[in-house]
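The values are calculated or read from the model by the stated rules, or taken from the named source; none is laboratory data. Please read all numbers here as calculations on a predicted model, not as lab measurements. Heads up: the accessible areas ignore ligands, DNA and RNA and are worked out on the full protein's heavy atoms, side chains in. Shrake-Rupley method; radii C 1.70, N 1.55, O 1.52, S 1.80 Å.
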Amino acid sequence: MWARWALAIVVAVAVIAGIVILINRAGPDGATSEAGAEAEDNRLAEAPHFASLTPGSAPIATLEQAITRDVRQRIAAGQLTGPLRGVTCSVAGSSSAGRAPYHCTAQSADIAYPFLAVIDERRQRLTWCKIDQPPVAEAGPEIPVSASCRA
């Protein structure tokens, strides 16, 4: 009888020791390094999109056309809900070093998709990023936007 008790105790100790070893190897929950957090931010960040600005063209109209093409591609790929009703852009601040910031909105299927954009007339380049809101309003840190999309 005592042998059964001893065997049960040995098995229980072995199971507990195994669980402790697995937990220690896995590391603490929620622990991330600074580099890991930065990599996650980069993964979540919207990659900037670019288009050329033809000399003599209307910069805002060209930006709206470029974002329109981008949104149509996203709708076709199933990333956004369509149909697209239009894209509008407006100045979002003062120019700095030839870079003018803009806020743009794509209206599609009664959803307003926000974009940040920069018109760089010196480099003849348009840059824009879709702003991805956190899944729940006021739920935590803002999802980062590439510095290329900010003036």
### Query
Under the condition of being open to solvent by 30 Å² or more (accessible area, probe 1.4 Å) and among the basic types (K, R), which residue from region 89-134 is farthest from S57 (Cα to Cα)?
R99
## Note on the structure
Counting only residues that are polar (S, T, N, Q) and open to solvent by less than 50 Å² (accessible area, probe 1.4 Å), region 61-88 contains a total of 2
